[in-house]
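See below for the structure under consideration.
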Amino acid sequence: MKFPVEVFIGRVQKYEGTRPSAIAKREVEGEVMLTGLGLESDEQAEKKIHGGPDRALCHYPREHYLYWAQACPEQADRFVPPAFGENLSSVGLDEKNVFIGDIFRWGDALIQVTQPRSPCFKVNFHFGIANLASLMQQSARTGWLYRVINDGAVSRDAPLELASRLSDVSVHDAAAIAWHQPFDDEQYHRLLSAPGLSVSWTRTMQKRRDSHKIESFSRRLWGNKPAVK
């Protein structure tokens with residue numbers, strides 16, 4: 001099955017009251033090169049936590065925008081692609097039918113799913129919703145990230161097509177294991193066994209197994225601000 005996509009890129013911008021971000025993106029018309037670090041002319045701020053080989057592309061399901069518009073009616077007009085800063089937007093793919101390690105053919109390139117997107121506090125500022133990152137994590141409506149297996153020319157005219165499925169761990173499963181469940185060494189082992197899991201998530205899951213503790217999500221979700229329920 002083939003899934004048409006819209007394609008977006010952005011540049012780092014400064015925002016008053018928060019840190020620089022490239023969350024504001026524009027649609028790409030025509031062909032663009034995809035390399036191991038992402039789409040040509042697409043930028044990432046704070047590269048320790050954004051971008052890199054395991055996070056070269058971000059994909060967000062277009063269907064989720066209706067959910068967020070209904071959940072947050074006062075900001076409903078803001079919930080249109082690519083408001084979550086995604087590079088790819090599509091209909092028909094979501095966290096429950098996309099799996100860690102899935103390899104998709106896209107134009108001349110091959111891309112592989114590496115992890116759910118880990119929501120951070122910058123979306124709170126961008127949408128003006130103090131707890132949006134937390135709501136994304138709780139609902140597992142996060143989207144997911146890719147690494148690039150083969151560089152190549154891509155475009156909105158080239159649909160995504162599943163080439164290989166390597167694990168039984170869906171993106172939703174990975175989010176539930178990481179964020180929704182109490183400490184569960186067996187489930188961490190299951191996630192670690194998924195081919196293609198990102199280095200960052202591999203490191204985090206192994207650290208949990210070694211320490212028998214779940215790390216705090218507070219700084220990622222809230223930045224320097226107090227948590228909001």
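The values are calculated or read from the model by the stated rules, or taken from the named source; none is laboratory data. Fair warning: this is a prediction, and the values are worked out from it, not measured in the lab. Every residue, glycine among them, receives a Cβ derived from its backbone with ideal geometry; neighbour counts consider all protein chains shown. Note: accessible area is taken over every heavy atom of the protein model, side chains too, but ligands, DNA and RNA are not part of it. Shrake-Rupley method; radii C 1.70, N 1.55, O 1.52, S 1.80 Å.
May I ask for the Kirkwood hydrodynamic radius of the range 190-229, worked out over all distinct Cα pairs and given in angstroms to one decimal? That comes to 11.9 Å for the range 190-229. If you count Lys pairs in the chain whose Cα atoms are under 24 Å apart, skipping same-chain pairs closer than 8 places in sequence, the total is 20.
Per the Debye calculation on the range 154-204 with a single equal scatterer at every Cα and no solvent contribution, log₁₀ I(q)/I(0) for q = 0.18, 0.27 Å⁻¹ amounts to -0.65, -1.08. Would you look at the GNM of the chain, springs on alpha carbons closer than 10 Å, and say which of Q137, Q181, Q112 moves the most? Looking only at Q137, Q181, Q112, the biggest GNM fluctuation is shown by Q181. Of S167, S89, S211, the residue with the greatest mean-square motion in the GNM of the chain, using alpha carbon springs below 10 Å, is S211. Each of the GluC sites (Glu not before Pro) that DSSP puts in a loop and that has at most 14 other Cβ atoms within 10 Å breaks the chain; the longest unbroken stretch is 64-214.
Between the listed residues N87, H59, Q75, the Cα displaced farthest toward the positive end of the dipole of the range 38-112, a dipole computed from Cβ unit charges relative to the Cα centre, is found at H59. Expressed as a whole percent, how much of the Cα-Cα distance distribution for the range 18-155 exceeds 22 Å? It works out to 35 percent of all Cα pairs. Where only protein heavy atoms count, and the probe is 1.4 Å, what is the accessible area per residue for the range 52-199 in Å²? On a per-residue basis, the range 52-199 sits at 37 Å². D210 sits among other residues whose Cβ lies under 11 Å from its own Cβ, and their net charge, with Lys and Arg +1 and Asp and Glu -1, is +4. With contributions of -39500 (n - 2.57) from each DSSP H run of at least four residues, the per-residue ellipticity at 222 nm computed over the chain stands at -6000 deg cm²/dmol.
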